[in-house]
Structure formats: C-alpha cells, structure tokens
Amino acid sequence: MRLYEHQKQVLEQTERFNRVGYFLDMGLGKTFVGSEKMWDLNTAVNLLICQKSKIDDWVQHFTEHYPDYKVYDLTRKTQSIQFRQLVNSGHIEDDQSVLGVINYELAFRRSYIAHIGTFTLMLDESQYIQNETAKRSKFVLSLQPENVILLSGTPTSGKYEKLWSQCKLLGWGISKDAFWNTYVETEWIEDPASGYKRQTVTGYKNIERLKRKLAQHGAVFMKTEEAFDLPEQQETVIKVPVSKEYQRFMKNSYIDFDLRNMCEFHDDSDFWGNDVTPHIELVGDTVLTKFLYARQLCGQYSPDKVGAVADLIDSTDERMVIFYNFNAELEILKQLAAKRERPFSEVNGKKRDLTAYEQQPDSLTFVQYQAGATGLNLQKAHITVYFTLPFGKGSCAIWEQSKKRTHRIGQGQKCFYYYPICKGSIEEKNLINLRLGKEYNEKLFEKEFC
C-alpha cells in the first residue's frame, strides 16, 4: 500500500511499540496507518471494534488491500459463528490471519470475544470508550489483547479527564485518581437543583508532562496543518428572523399553529401540507421537551430557515453537503431538491447512498450527524450547509468532525461553511458555544429560559 510521508513517519515513530494511539486529525488517513500497524504486528487473530456505520467500510478496506486476511463481519450471525469456531479451534494457517469486525454496541453481547487469547485489538474512534463506566467501555477494558491500536481524531474532545481509559489500554498503569490529581484541576461546586456539591473540572495542569507520558506509551498526535497545506476555510453566518411562533412558545411553553398559514408568503412552503401534518401543537411541559421543540421551531418549523437553505441551493450548481438532525428535516431537504430537479444522496441510520454525490457534479448530499459526521470522504464538494447544528453531549467534536468531511486530503478548493441561524434563538447561543468548545444542552437551556 502506498502511504503518504506523514503516515510513514507515524509508523516509524511507533515501530517499537505494540500498543499505539494514532490520534490523527480528520483526513490524515488513520485507517491506512492503523491497518498497516496491524499488518506489521502480524498476529493470527485480530479484532476491530468501530461504529456500526463503519463496518462495511472496514470490511471492504481489509478485503481490498489485505487479501491475506480472512475478514469476518461479526454483526452477521453466520460469520460470527465461523469466526468463533475458527478462533476457538486454533487451527489458523501459519500464512493467514483472521480479522473480526464488530460495532461497539454489539461487541459485549458476543460473550466469546471476552475469552479470545492472543490477539491484536483495534478501536476505531477510540473516544467511544472515554466513559469507563459504560457497558461497552467496561467490556473493552476487560479484554486481554497482546497488542492495541487506538484510532481517533478527537480522543478527548478537549477534555483531558476523558483520556484515562485510553491511557489504560496503552499500558500506562496510572490510576484514575492519580491521573486526575496530576493533570486535572477541580472544584466542589454546589448544584442549585439538588443542593449537593459535585466535583467540577475547572482546568488542567502539567499538560506538557502529560504529552511526554503519552508519547512514551505510543501515542501520536498530529494536526492536518502539520502534514498538508489544505485550502482556506471560510464560515458565513446567515441570520434569519426568528418566528412569532418560536417567541410565543418560549414565553408560554405551548404553541398551536398551522404550517400553511405560517408559510403562505414563502415560495418554498407549498409542500408543507403534503407529507408534513399541517396542524402543529407543541407542549413544552418538561425542560427536555421544551428544549427539543425550541430546536424544531428553529429548523423544520422555521419557514425563514427553509427559505435561506433554498436560496443557498439556488446560488450554485456545484456539489453541496447539508447536515441535519431530524427525519422531518430530511424530508424537507429532499423536497427542496426534487423541486429544483437536483440529484441527491443521503447518509443516515437507514440509508447510505452516495451514488449522486459520486456521479453528479450538481448533487446535494444530505448527512445526518450521527451517521456521517465522521468517516465520510466528501472532498469532491467544497460547500457545506448546516440546516441545524448538533446539540448536547459530544456536539463540539461532531461539529469539528463534520467540517473535515470536505476539508481533507484531496480537496483542491477553498471550503465554505454556511450557517443559517434564527437570530436571538437557542441556535445562536449554540453556535457561540460550539465556537468556544462548549456544549449547549438542556441544563443551560433551563437556566436561561425555564
């Protein structure tokens, strides 16, 4: 396999380690570095744990580039049984290695995995085990691999306290208490809701020492700008009026309206009564539901937002990537595309079809955050639109990763990112927090609005 110079450099830097962490920025080719390291380690049995949406990609990658591997998709019952029988029997030919690929949510349900002996473990998006109390993390940490390969572009999402479980897999035997005492600054702050004090992270210390220790345990951090001169990026915020319905809902926690009446002055609103129920009643009787409906009133129920996205689509006949959250948003986007006779692709929990993106230069690609903010190569496009922004836990990392879908190796044009934002709304506050590296959630929402 042909590797870039920075990939060769990373492999040479970690040649003496059998436990490594390749924390390379999105677009630097962690897939190739990790698979080459696995090949170099040369164990008969290998296990790769990844996101469910990436299983097919990994199976195809190893099947195509490493024909000596016998690759099993462990989410498929028949292949899982074959893999288990082969591993348990120990009858693996000397010149062949087996690789089982499985997702995090299913791995701990395959009980035989916990009893595999000598093997190499690779974790794609290793930040998925940063919460050591979660079932998937407990299971992974209980395994006894001979070799470990961690892959992530955002191993901590800027929060060093979440790195401890990955440090443990790298063979750094520091206890969690010692890790926190050495590198994390905390204070006990009273929680107004419960009246109890809770330990809150206020900062970090000894960061250079932490970096040295990680390097001593096979961790490599690399940013895109260290390896490539990628094109310039430009972000543009398009402020649209917040609707009267949003204002009424935020004031009363209740709204009853007809979408057709809301949208009668908008050219792209005539479809609102076909597949979408025109009469809407929203009751924000809890913080969570009010938070959810406030988001929807800034997205699928905002005619000015839809109009702004329509204008962006009309402004160019080049490929465009559009990120969204909810299924109702996808339906609106698909109808916008159909009305303009624009071919479209979609990536979400139910479908992953990039045919139009690959073949049509004027295509629109609709990507749901959880399914496609990581792992996709969309550098044929250089224009990204955010119909709505990611909210809540992990939103900062998801947002940063989403921008890397187009701003990556192979991109030859300046990358543009457009944010149609409802002015003075929850969306505006969320964008401010994302840029500060903070996560806007229902707790902050409660303090401000409830």
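Overview of results
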| quantity | calculated |
| --- | --- |
| Hits among aspartates and glutamates - C-alpha to C-alpha of LYS197 under 15 Å, sequence gap 8 or more where chains match | GLU187 |
| Cleavage-rule hits, GluC sites (Glu not before Pro), region 1-52, DSSP coil, Cβ neighbours within 10 Å at most 12 | GLU15 |
| Whether region 311-424 is rounded, prolate or oblate, judged on the alpha carbon gyration tensor where a/c under 1.5 counts as rounded | rounded |
| Scaled radius of gyration (Cα, divided by 2.2 N^0.38 Å) that region 284-369 gives | 1.17 |
| Potential extension, ARG212-ILE189 segment - 0.36 nm per residue separation minus Cα distance | 5.1 nm |
| The chain: angle of helix 55-65 to the longest principal axis, Cα-based, in degrees nearest 10 | 50 degrees |
| ARG405, ARG76 arranged by Cβ crowding within 10 Å, fewest neighbours leading | ARG76, ARG405 |
| Candidates LEU150, LEU288, LEU121: whichever shows maximal mean-square fluctuation once the chain is modelled as a Gaussian network with Cα springs under 10 Å | LEU288 |
| Helix-only CD estimate at 222 nm, as mean residue ellipticity for the chain, using -39500 (n - 2.57) per DSSP H run (n ≥ 4) | -10500 deg cm²/dmol |
| Convex hull volume per residue for region 1-133, taking Cα atoms only, in Å³ | 122 Å³ |
| 11 Å beta-carbon shell around GLN60, net charge (K/R +1, D/E -1) | -3 |
| Normalised alpha carbon radius of gyration of region 124-236 [divisor 2.2 N^0.38 Å] | 1.27 |
| Neighbour-count order for MET320, MET26, MET250, fewest beta carbons within 10 angstrom listed first | MET250, MET26, MET320 |
| Gyration tensor (alpha-carbon) shape descriptor, region 233-449, a/c threshold 1.5 | oblate |
| Residue range of the chain that is longest and free of chymotrypsin sites (Phe, Trp or Tyr not before Pro) which are both DSSP loop and sparsely packed (at most 11 other C-beta within 10 Å) | 1-195 |
| Equivalent-ellipsoid semi-axes of the chain, from the Cα gyration tensor, Å, largest first | 40, 27, 21 |
| Three-way shape call for region 45-120 based on the alpha-carbon gyration tensor, with the a/c threshold at 1.5 | oblate |
| Cα-projected label distance for HIS115 with LYS52, points at 7 Å along beta-carbon direction, nm | 2.7 nm |
| Using alpha-carbon coordinates, inclination of helix 30-41 to the longest axis of the chain, degrees | 10 degrees |
| Which listed pairs, of LYS305/LYS443; LYS244/LYS393; LYS52/LYS351, have C-alpha distances above 22 Å, in listed order | LYS305/LYS443; LYS244/LYS393 |
| Note, ³J(HN,Hα) from phi for region 10-16, Karplus 6.51, -1.76, 1.60, rounded to Hz, x at Gly and Pro | 5, 5, 5, 5, 10, 4, 7 |
| Dimensionless Rg/Rh of region 367-450 - Kirkwood Rh, Rg from C-alpha atoms | 1.01 |
| Residues with amide H under 5 Å from that of VAL20, placed H, sequence gap 5 or more | VAL148, ILE149, LEU150 |
| Note, ³J(HN,Hα) from phi for region 102-115, Karplus 6.51, -1.76, 1.60, rounded to Hz, x at Gly and Pro | 8, 8, 4, 5, 9, 4, 6, 8, 9, 4, 5, 4, 5, 10 |
| Residues ARG198, ARG19 arranged by fewest to most Cβ contacts within 10 Å | ARG198, ARG19 |
| Per-residue ³J(HN,Hα) for region 178-189, Karplus 6.51 cos²θ - 1.76 cosθ + 1.60, θ = phi - 60°, Hz, x for Gly and Pro | 5, 4, 5, 5, 8, 10, 10, 9, 9, 9, 8, 10 |
| Dimensionless Rg ratio for region 5-227, taking C-alpha atoms and the 2.2 N^0.38 Å reference | 1.08 |
| Cβ-placed point charges (K, R +1; D, E -1), dipole of region 233-449 about Cα centre in debye, nearest 20 | 920 debye |
| Residue among CYS298, GLY349, ALA308 farthest towards the positive dipole end of region 296-450, charges placed on Cβ | GLY349 |
| C-alpha long axis of helix 207-216 to longest principal axis of the chain, angle in ° | 40 degrees |
| Antiparallel DSSP beta bridges within region 5-227, percent to nearest 5 | 20 percent |
| Amide H within-cut-off set for ARG352, under 5 Å, with H built and near neighbours excluded | none |
| Gain upon complete extension [GLU226, ASP285; 0.36 nm per residue less C-alpha separation] | 16.3 nm |
| Neighbour-limited loop hits for GluC sites (Glu not before Pro), region 189-260 (at most 15 other Cβ within 10 Å; DSSP other than H, G, I, E, B) | GLU232 |
| Choice from ASP311, ASP362, ASP95 showing the highest fluctuation, given a GNM over the chain with Cα pairs closer than 10 Å | ASP95 |
| Cα-centre dipole for the chain with unit charges at Cβ (Lys and Arg positive, Asp and Glu negative), debye to 20 | 1340 debye |
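Every number here is computed from the coordinates shown, using simple stated rules; none is lab data. If you're wondering where the values come from, they're calculated on a predicted model, not measured in any experiment. FYI the Cβ positions are ideal-geometry reconstructions off the backbone, even for glycines, and counts take in every protein chain you see.
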